[in-house]
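Worksheet for the structure shown next.
The values are calculated or read from the model by the stated rules, or taken from the named source; none is laboratory data. For clarity, every value in this text was computed on a predicted model and none was experimentally measured. Counting neighbours? That spans all protein chains shown, and the Cβs are built from the backbone with ideal geometry, glycine included. Each accessible area value is taken on the protein alone, full model and side chains, heavy atoms only, with ligands, DNA and RNA left out. Shrake-Rupley method; radii C 1.70, N 1.55, O 1.52, S 1.80 Å.
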Number of protein chains: 2
Amino acid sequence: MIIDVHGHYTTAPPALQEFRDAQLAGGCATLAPVSDDQLRESVEGNQLRILRERGGDLMVFSPKASGMEHHVPDAATADAWARASNDLVHRVSELFPEHFAPVAQLPQTPEGNLAGVVAELRRTVGELGFVGANLNPDPSGTWAGKPMTDESWFPVYEVLEELDVPAMVHVSTACNPNFHTLGAHYLNADTSVFVQLLQSDLFQRFPGLRFVIPHGGGAVPYHWGRYRGLAMRNGWQDPAELLSNVFFDTCVYHQPGVDLLLDVLPADNVLFASEMLGAVRGADPDTGVAWDDTLTYVRAAGLPEEALGKVLTDNALRVYPRLAARIGVRA
Amino acid sequence: MIIDVHGHYTTAPPALQEFRDAQLAGGCATLAPVSDDQLRESVEGNQLRILRERGGDLMVFSPKASGMEHHVPDAATADAWARASNDLVHRVSELFPEHFAPVAQLPQTPEGNLAGVVAELRRTVGELGFVGANLNPDPSGTWAGKPMTDESWFPVYEVLEELDVPAMVHVSTACNPNFHTLGAHYLNADTSVFVQLLQSDLFQRFPGLRFVIPHGGGAVPYHWGRYRGLAMRNGWQDPAELLSNVFFDTCVYHQPGVDLLLDVLPADNVLFASEMLGAVRGADPDTGVAWDDTLTYVRAAGLPEEALGKVLTDNALRVYPRLAARIGVRA
């Protein structure tokens, strides 16, 4: 079974965006009825078709990342937006339980909204069977908040640990014109959070906390020697010491990048993912391979069979134990 | 001749920092006399010794990057700080003309200080024989300014083009606790500026403008497929179209990273550099190779001889024509 741990519901029926637009316009937003057929249609020709065509089986599926828009300050708005988005993802996962496992959007705001975040975590994971959550290290969209190692984040970590679900560290839309959301902000966030973690003892305090850093870890594997050297010079822990709690996905859209990722990091710490349909669509005209067909790159990287099995399947089941339980129940 | 295009004067005599401290304390700052012997000593056991031990010949040498501190808002302070820093770099380059070629710190401020920047460019390049400048894409240290493709930057580009010198795109100290200066801010800046350029027609307007993106281009080569795909999807130019004007250094501190850089980018666009003595000091305990001994990695990457010559020598002379002229005169 091949598990893709990073997919977003970028093809949700228009009613969802209409709900959001009504919210932001200040009106009384109500999600118009969305039928099961509409939900089926929205993924059958898209994520589900492509997943299966490429040989994948199951996608860990969350609301559209750039649409989370945690910079909108009102907590009630954030709560309702996360609920509406998560409910649709949940319904997709109920319609196709063998192919989609839901991951939650959290109603973060620049001020935190911790009560809302904890409530939505408990609702989605505890009641609806979600297997993880996306946690935005920069809810302001301008990096106005505190690093993820600050104690203001700890109430969220306590619940993640208690529920035994990982968080994917994933920003939303950038609110600074210097940072293109998909080209720079996403990767910068991945890199920045890794360095925050490297300087802290967060995982000594929360040994059960697990973070998945997407987009191949931003710049981190490419600069792994820099981080080892910085750690030695500054008396930080060695980057390898983070690897009990920090994992990287394979959303790197060319062969040399995936080769480096799998060369530098242990096979235990890399989880297959494509972020399909996400930032990059279409195919490389030189090879005919779709940019985000990371399964092709991972297969071509020449891993030994056992390591390949970890990257494609086993690591996901270990990092997302509720995913394993969910499949066990469904199987 | 092996040319290292990225070294900073991180070992300047204490008088320079004392001058800076006096400036920031609001007093009347005067640089205490620094003797030629002090200057010789400051590099003979450091950059110069290591450069030669490793087999290098000439270092393109600029004031300490994290010390530029362009976030300090007063233009007169910035002017005096750049002058003092550049004058010491200039004196080192006059004492060891075969081994150091000077590159300027510019007196940027969050508000721009374009008059000061242009004046210092003309003084250092036009009068003192500097071969380039470091240009900070984020003088505020908080990314409060405009992207480098905004027309507010154009007066600087006009002078760079007129003087025929490249700019290394190099931030200084981060003023946001989310971004570790050496671990995140430097790399984020490299990545972000590349994406700014990818979306613009800047080099059609300034065909003679040349940027060197340091630290191996941040995350860019690792995510080269992402940029090709984003460009196709968004109707931007292909990343390859930037390569007449954009160059990358080799400050990537492990073998797999340098291998990827040289695999992904054409040999014409990679310039040997170490940033020694910079962010990372000491050696990898597993190999005994100094983290920043990038010459070892570049030599081990297995480039054909002609490509290796470009990376180690020829590209630097082409991208920095005043360096070529300077060596011609000195030779």
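State yes or no: is B:ALA101 modelled with pLDDT of 95 or more, over 18 Å from the mean Cα position of the chain (by Cα) and either under 16 Å from B:SER152 (Cα atoms) or not β-branched (Val, Ile, Thr) (or both)? So B:ALA101 does not fit the description; no.
Has the range B:73-85 got at least one residue that is closer than 29 Å to B:GLY282 by Cα and basic (Lys, Arg)? Working first, answer last.
Taking the range B:73-85 first, the residues closer than 29 Å to B:GLY282 by Cα are B:85.
Those left that are additionally basic (Lys, Arg): none.
No, because not a single residue in the range B:73-85 is closer than 29 Å to B:GLY282 by Cα and basic (Lys, Arg).
Yes/no per residue for (1) among the hydroxyl-bearing types (Ser, Thr, Tyr); (2) more than 14 Å from the chain's Cα centre (by Cα):
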residue	(1), (2)
B:PRO166	no, no
B:LEU202	no, yes
B:TYR222	yes, yes
B:MET232	no, yes
B:VAL258	no, yes
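Give the residue, chosen from B:VAL165, B:VAL103, B:VAL171, that is in a loop (DSSP other than H, G, I, E, B), open to solvent by less than 50 Å² (accessible area, probe 1.4 Å), under 16 Å from B:VAL5 (Cβ atoms) and in contact (Cβ under 8 Å) with a residue 60 or more places away in the chain. It would help to see each step written out before you state the result.
Working: B:VAL103 fails: in a loop (DSSP other than H, G, I, E, B); B:VAL171 fails: under 16 Å from B:VAL5 (Cβ atoms).
After applying the criteria, what remains is B:VAL165.
Residues in the range A:42-73 that are over 18 Å from A:PHE96 (Cβ atoms) and hydrophobic (A, V, I, L, M, F, W, C): A:ALA65, A:MET68, A:VAL72.
State the number of residues belonging to the range B:42-58 that are in contact (Cβ under 8 Å) with a residue 60 or more places away in the chain, on the phi < 0 side of the Ramachandran plot and of a type outside the set (S, T, N, Q). Please lay out each step first, then the result.
Applying the first criterion (in contact (Cβ under 8 Å) with a residue 60 or more places away in the chain) to the range B:42-58 yields B:46-47, B:50-51, B:54-56, B:58.
Filter once more, keeping what is on the phi < 0 side of the Ramachandran plot: B:46-47, B:50-51, B:54, B:56, B:58.
Pick out the ones that are also of a type outside the set (S, T, N, Q) and you get B:50-51, B:54, B:56, B:58.
So the answer is 5.
So, of the residues in the range B:228-274 that are acidic (Asp, Glu) and open to solvent by 10 Å² or more (accessible area, probe 1.4 Å), which turns out to be nearest to the other protein chains (Cβ to nearest Cβ)? So that I can check it myself, show each step before the final result.
Going residue by residue through the range B:228-274, those that are acidic (Asp, Glu) are B:238, B:241, B:249, B:259, B:263, B:268.
In the following step, the residues that additionally are open to solvent by 10 Å² or more (accessible area, probe 1.4 Å) were identified as B:238, B:241, B:259, B:263, B:268.
Values: B:ASP238: 10, B:GLU241: 15, B:ASP259: 8, B:ASP263: 5, B:ASP268: 18 Å.
That would be B:ASP263.
Would it be correct to say that A:VAL193 is at the interface with chain B (Cβ under 10 Å from one of its Cβ atoms), among the β-branched types (Val, Ile, Thr) and either under 12 Å from A:PRO137 (Cβ atoms) or not in a strand (DSSP E or B) (or both)? The answer is yes for A:VAL193.
So is B:GLY27 within 22 Å of the chain's Cα centre (by Cα) and either open to solvent by 10 Å² or more (accessible area, probe 1.4 Å) or within 24 Å of B:TYR320 (Cα to Cα) (or both) or not? The answer is no for B:GLY27.
Is it the case that the range B:177-187 has a residue that's among the hydrophobic types (A, V, I, L, M, F, W, C), within 12 Å of chain A (Cβ to nearest Cβ) and open to solvent by 30 Å² or more (accessible area, probe 1.4 Å)? If you could, list the steps in order and put the result at the bottom.
Taking the range B:177-187 first, the residues among the hydrophobic types (A, V, I, L, M, F, W, C) are B:179, B:182, B:184, B:187.
Checking the rest, the ones that are also within 12 Å of chain A (Cβ to nearest Cβ) come to B:179, B:182, B:184, B:187.
From what is left, the residues that are open to solvent by 30 Å² or more (accessible area, probe 1.4 Å) are B:182.
Yes, the range B:177-187 has at least one match.
Looking at the range B:133-156, I want the residues that are of a type in the set (Phe, Trp, Tyr) and have a partner that is surrounded by fewer than 23 Cβ atoms within 10 Å (Cβ to Cβ) and at pLDDT 95 or above with Cβ atoms under 7 Å, at least 6 apart or on another chain. Which pairs are those? Once the first residue is of a type in the set (Phe, Trp, Tyr) and sits in the range B:133-156, its partners that are surrounded by fewer than 23 Cβ atoms within 10 Å (Cβ to Cβ) and at pLDDT 95 or above give B:TRP143/A:ASN176. For the range A:154-164, a residue qualifies if it is under 18 Å from the mean Cα position of the chain (by Cα) and either of a type outside the set (Phe, Trp, Tyr) or within 12 Å of chain B (Cβ to nearest Cβ) (or both), and the qualifying residues are A:VAL156, A:VAL159, A:LEU160, A:GLU161, A:LEU163, A:ASP164.
Would you tally the residues in the range B:136-162 being crowded, with 17+ Cβ neighbours inside 10 Å and over 25 Å from A:ASP190 (Cα atoms)? Going through the range B:136-162 one residue at a time, the tally reaches 5. Summed over the range B:275-288, residues that are open to solvent by less than 10 Å² (accessible area, probe 1.4 Å) and at the interface with chain A (Cβ under 8 Å from one of its Cβ atoms) total 2.
State whether the residues of the range A:209-225 include one that is within 7 Å of chain B (Cβ to nearest Cβ), open to solvent by 10 Å² or more (accessible area, probe 1.4 Å) and free of Cβ contacts under 8 Å to residues at least 24 places away in the same chain. No - not one qualifying residue is present in the range A:209-225.
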